[in-house]
Structure formats: C-alpha cells, structure tokens
C-alpha cells in the first residue's frame, strides 16, 4: 500500500482542497501518513501574495529533501502557485516530479497512479497547459480527510470571485464566481455534523455573494436558514463577507439565530476614498462608516473583524494617517493588516507611485500597535465574566495548558483562551471564567 502525505499551505479554502485530495486517495487504497513517511508527497501551494509564493518555493524545496533522507519517491506541487506559475516553475524546480492545478483535485488518484507507473511521466498536468483560471468546484459526494480537529470544519460554499479588485490575483487563479447548489452544501453540512462537527465555518472568496450567479441575487440568507436547522451545529461562522453585499435581512438573521455566531469577518482594505476607488472596491468612506454603525445596531454584541492593506500604490502619509484615525475611531474587535503585494497581471501592478516595501512594513507595524491597544482594552472588559468556550485541545504553546475559543474568536486568525485550571475534552463547550487579558489572548479557568 503506497503511502501519501500532504503539506497544505495558504488559506482554509486551499486546505479544503487538500482534504478532498487526501480523502480521494484514502478511498482508493492509499495510506495517509505524516510527510516524512510518505512515498508520494503533495505540497498544496498558495500563490496569492509574495510572502505566500516565497513560502511555497521554500516549503517545496524542503519537502524535496525527503527524496534524499526519507522514503519519498515522488514530489507533487499542487494548488494556486502551481496553477499560476507552472511555465516558470518547470525549468526552475527539477526537484518536482509533477505539477498539477486546482482543476486536478478530483483527478488526484489517477495522477498518482500514472506517476507511479510511468518511467518518464509527464511533469505538467494537461489542465495546466490550458493556462486558464480553474473551473473546479467540489460537492458533497467527494470524501474529505480532515487535517484539523474534527469538531471544527470549513465548508466552501462557492469558488472564484465576481469582483475584480485592483490588487487581487484570485480571479486569475480561481476564476469567476461559481456557487455550489444549496442542497449539496446542506447535505455536506449534515454529513459533517454526523461526524462530530460542532463549529461550521462558511468560506468562499466572498460568502455574501453566494448564489448571485445562480439567481441574480444573494442566496446567503436562504442557505443559512437551512443550515441553522441542523441541530448538532452549535456555531455557524460567516467568513469573508464583502461590504457591499450586507443586507438587513442577513443582519437580522444573525442577530436572531442561536447558532449563527455574532461574529463577522468583513475585509474593508482601506478607508480613504481615493485609495478605495483605485482599489475598485465599490464603496466609499461614508458608506463604510454607515455600514459599520448599522451592523452594530442590528447585531447586538457583534464581534467585528476586518483586514486592511497598507502601501497600496498612491498611499501617501496623508492617506495612511486617515487609515490610522479610522482604526482608532471604529475600534474593531480584530484587525489583520497586510502590506500590498505587487502582483503581475493585476490592474494595480502598473499603477504609478508604488510604495517601497520598507515604508509599507513600517505602516503595517504601526497599525498593529494601534490595534493591540484597542484589543487589550476590549479583552480587559471580559475579565471576571464567564464565557462559553469551545475546547480545541492541548495548547500549542505548552502541554500544561488547554486552549479554546469564544464565539468571538475564529480559529487560526484570532486569539485563543488559555485554560490553566480544570479538565475537559477536545470538542466540548465549557463555561470559563476569564481571569487575565492580553492584547490577543485571554486566560481563564473552567467553572461549569
């Protein structure tokens, strides 16, 4: 029985593709093992921004060492980086035996069998020779091999994006918006619940656009109305919402539903009108501020997360100061700040007044320092309160602590609750008394 391992890089959407490939391989009789034990090793890469591309190259080269020191016989590069740059990579990375793209996910078994059987296999999948954005979108009939905890799972409701933001390479890689059929999503959610999932994270490039390619309008509310009826799903979390698609009926559903988290991930990217226009975001400062006020009014206790980009072409000190003031004024609960990545093929690539990387990084650090003060203040308000916490298991920091998350903390991108007193099991909801606050994390003890 051939052994297969997978190193999955990038976002949860990419990780889900990895889970499907491993699920298909396991179903076909391959044995899934840690990377150092794998005869066939897949590196599922990310090609979204420069840092991710560098990580993809470095990780693949590190994985190639297993061909010298381990049992690895075949190295496969998959995912967005391979999809986008295969023409260059074939000549530059002889260590890779096979380059495959996103459209190859459902064909991974056939590709691995051919790789094993052929003495001189073709190094590039035929799907990559088309040099087009991917068209693949999975459904509930494809098996998944979880790469994370079984009590928390991502569910991709759509692929691609209907927007063309000036900085974003996603449409070049993943194509235009393609929504999954609603019955397929609901069926998969029910399957996951039966397998022990208690937290469901809905993901797409833009979750609030779900269904617009099918019905000409968003179907996210009808979808959520079906998902909330699946009783074992205690937390349903909406990620990657686009600011121009948030209607009042969605806000009210979040506010009224017991098992939809009062948490919203709302990437805004900037606040200056000139920068927003150059970014092609389709929203103004006034509209953004009005939307935030409306969200907080309609959804009591909302945890609001956003992502911001600094160093976009044309961002001077004036525009950056405006962004600083915005972060101070609004006091988001969570903020991720990214430096602009100069991506070929995007409209922003050839824009004048490019900002140097060192200035962009200094601005990023400055914004994160501002947000750290805000986050600490907000977390300190929780000291002495009892919070419902989903236990993720032993802490990544030390085996002496457990860790979990409140409804206001999404996995991997937000902070955690460290538990230094009490015993429990992974995947259990516990009542935790918060005893300490830090800028990103909380500390508490189990009291329920």
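Read-outs: derived from the displayed coordinates by stated rules, not from any lab. Not measured: the values here are computed from a predicted model. Using ideal geometry, Cβ is built from the backbone for each residue, glycine included, and neighbour counts are taken over all protein chains shown.
As a proxy for reagent exposure, 81, 429 were ordered by neighbouring Cβ count within 10 angstrom, fewest first; the result is 429, 81. Note on the chain: GNM, Cα springs under 10 Å; of 78, 362, 63, the largest mean-square fluctuation is that of 362.
With both labels modelled 7 Å from their Cα along Cα-to-Cβ, the residue 1 to residue 195 distance reads 1.8 nm.
Rg over Rh of region 309-448, using C-alpha atoms and the Kirkwood radius, what does it come to?
Numbers: Rg = 19.0 Å, Rh = 17.1 Å.
Across region 309-448, the Cα-based Rg/Rh ratio is 1.12.
Principal axis analysis of the Cα atoms in region 227-335 yields extents of 50, 24, 20 Å, listed in decreasing size. Summary of the geometry: region 404-432 and region 251-276, compared by the centres of their Cα atoms, lie 23 Å apart. Ranking of 17, 414 by neighbouring Cβ atoms within 10 Å, starting from the fewest: 414, 17.
Two decimals, Cα atoms only, Kirkwood Rh: what is Rg/Rh over region 194-254?
That ratio equals 0.97.
Please work out the Cα convex hull volume for the chain and give it in Å³ per residue. The partial results should precede the final answer.
On the way: hull volume 67.2 nm³, N = 448.
Taking the convex hull of the Cα positions in the chain, it is 150 Å³ per residue.
Remark on region 386-446: Rg and Dmax equal 9.9, 26 Å (Cα only). For region 3-129, the Kirkwood hydrodynamic radius from C-alpha pairs, put into Stokes-Einstein at 37 °C and a viscosity of 0.692 mPa s, yields a diffusion coefficient of 232 µm² per second. Each label was represented as a point 7 Å from its Cα along the Cα-to-Cβ direction; for residue 401 and residue 67 these points are 4.1 nm apart.
Given the DSSP H assignment, sum -39500 (n - 2.57) over each helix run of at least 4 residues in the chain and divide by its residue total; what's the result at 222 nm in deg cm²/dmol, nearest 500?
Values: 15 runs with 160 residues, N = 448.
Taking each H run of at least 4 residues, the total per residue is -10500 deg cm²/dmol.
Ordering 289-298, 206-215, 4-13, 178-187 by mean Cβ neighbour count within 10 Å, with the highest value first, yields 4-13, 206-215, 178-187, 289-298.
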